[in-house]
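Read the structure below first, then the notes.
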2 protein chains.
Amino acid sequence: MSLRHALLGLLAEHPASGYDLLKTFETSLANVWPATQSQIYTELTRLADTGWISVTAEGPRGRKEYTLTDEGLAELRHWLTETKPQRNTRSDILLRVFFLGVLTPDQARAYLTGLADLSQQGHDDLRRLVDSVDWGDDDLSVHGRIALEYGIRFNAMRREWAEWAATQIR
Amino acid sequence: MSLRHALLGLLAEHPASGYDLLKTFETSLANVWPATQSQIYTELTRLADTGWISVTAEGPRGRKEYTLTDEGLAELRHWLTETKPQRNTRSDILLRVFFLGVLTPDQARAYLTGLADLSQQGHDDLRRLVDSVDWGDDDLSVHGRIALEYGIRFNAMRREWAEWAATQIR
DNA sequence: GTAAACATGTAACAGGTTACATGATTGT
DNA sequence: ACAATCATGTAACCTGTTACATGTTTAC
């Protein structure tokens, strides 16, 4: 389960509360590994039980600050170096392409040009984001920038593919 | 839930048994929407209960052949034209990139070049597959070819990105 | 005073995986 | 006769989503 390791990874940066982590998931990790509030709080409790993180401070409003333990860091490194990333990629978008034959050619082309537009927009949004951030050379900046570049290239690829695909219908 | 619609989509082609559909999932849909035997049989029963498919023949060994009903086809078209594809893309691969800072630069680069190799291999495999199939101009061929092209372009994009990313570490 | 933001927790449900369980038919 | 393939079904478990439930602090 990757949520576990996503939390360890974020806590490797610096200690944080469930609420802090939730905000990070809503912003920087939203497009890579979405997680809900309920899931994050539940998992933090489990991670603390396992001993990979521990509560190192308590603040107002019942705030609990978690810190990565040595065992947690070891587990994170183990996950990164020893286990293969192999989550099944399910693509709702691509699945639909298989069944476009039940639509009229016009409808099928509309689906693909819609995808092209969506990808163009995603591409532009990420481009703007890259330009608006002042990228340093710390770990977070370097890796965040690399992940963003992936998104940019991915959207560009998908736009071109969808445009080509639309020309292939009939 | 997309599995439901994947089954409707496959049955739109021609009637089939759970076993037939399972084989299709293991081959052509494996990279787009993986599904297990248990899931498929359970879902077929539910689809028949809903009235979107029906058992139109029974064969040896308890084989049941399902056929798409008019309501099922209507639902499939509705799904394709009226609902937005919006499944969250979770990427185990990309998630790891965020946390490469806890590794040594050598380890981080090794992860990225490993990804590049993986992508190159995926690219080559799909290329070979495209070349080995005699593509007709029926619906299945056209859309299967389009989906495959996506895979080829995706792998090429990812290889180039991973190679570039490796140069960005330190 | 009151709205927004901070902060956590739990229950019910849906979707997906693994494992178990069973049996019939076909080809050699 | 035996193995491979055909063929279906169910139970336990894990992950993830939605909704409910509660209370505090800060800023205006």
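Name the one entry in A:133, A:142 that is surrounded by fewer than 16 Cβ atoms within 10 Å (Cβ to Cβ) and touching a Leu at 6+ places or on another chain (Cβ under 9 Å). Step through it out loud before you land on a result.
Details: A:142 fails: surrounded by fewer than 16 Cβ atoms within 10 Å (Cβ to Cβ).
None of the other options fit; the residue is A:133.
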Quick check on my filter: what residues within region A:1-36 are among the β-branched types (Val, Ile, Thr), more than 10 Å from DNA strand C (Cβ to nearest atom) and more than 9 Å from chain B (Cβ to nearest Cβ)?
A:24, A:27
When the residues of region B:49-63 are narrowed to those that are open to solvent by less than 80 Å² (accessible area, probe 1.4 Å) and closer than 16 Å to residue B:74 by Cβ, which ends up farthest from DNA strand C (Cβ to nearest atom)?
B:54
Among the listed residues B:56, B:45, identify the single one that is under 24 Å from the mean Cα position of the chain (by Cα) and outside the structural domain of residue B:148 (by TED's automatic domain parsing).
B:45
Mind counting the residues in region B:86-112 that are surrounded by fewer than 18 Cβ atoms within 10 Å (Cβ to Cβ) and within 25 Å of the chain's Cα centre (by Cα)?
4
Looking at region A:119-128, is at least one residue more than 19 Å from residue A:96 (Cβ to Cβ), at pLDDT 90 or above, in the same structural domain as residue A:96 (by TED's automatic domain parsing) and open to solvent by 80 Å² or more (accessible area, probe 1.4 Å)?
yes
Given the structure, is residue B:54 away from chain A (no Cβ under 14 Å), in a helix (DSSP H, G or I) and either under 30 Å from residue A:82 (Cα atoms) or within 16 Å of DNA strand D (Cβ to nearest atom) (or both)?
no
Restricting region B:150-170 to residues that are surrounded by fewer than 17 Cβ atoms within 10 Å (Cβ to Cβ) and either of a type in the set (S, T, N, Q) or within 21 Å of the chain's Cα centre (by Cα) (or both), the residue that is nearest to the other protein chains (Cβ to nearest Cβ)
B:168
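For the condition over 30 Å from residue B:167 (Cα atoms), buried (at least 17 other Cβ atoms within 10 Å of the Cβ), touching a strand residue (DSSP E or B) at 6+ places or on another chain (Cβ under 9 Å) and of a type in the set (Val, Ile, Thr), what is the one hit in B:67, B:24?
From the options B:67, B:24, the qualifying one is B:24.
I'd like to check something: does region B:33-40 contain any residue that is in a loop (DSSP other than H, G, I, E, B) and open to solvent by 60 Å² or more (accessible area, probe 1.4 Å)? Walk me through how you get there before you give the answer.
Let us first name the residues in region B:33-40 that are in a loop (DSSP other than H, G, I, E, B), namely B:33-36.
Going one step further and asking which of them are open to solvent by 60 Å² or more (accessible area, probe 1.4 Å), we end up with B:36.
Yes, that holds for at least one residue.
The values are calculated or read from the model by the stated rules, or taken from the named source; none is laboratory data. Predicted model, so just to flag it, every value in this text is computed and none were measured. All Cβ positions, glycine included, derive from the backbone under ideal geometry; neighbour counts span all protein chains shown. Ligands, DNA and RNA are excluded from the accessible area calculation, which covers all protein heavy atoms including side chains. Shrake-Rupley method; radii C 1.70, N 1.55, O 1.52, S 1.80 Å.
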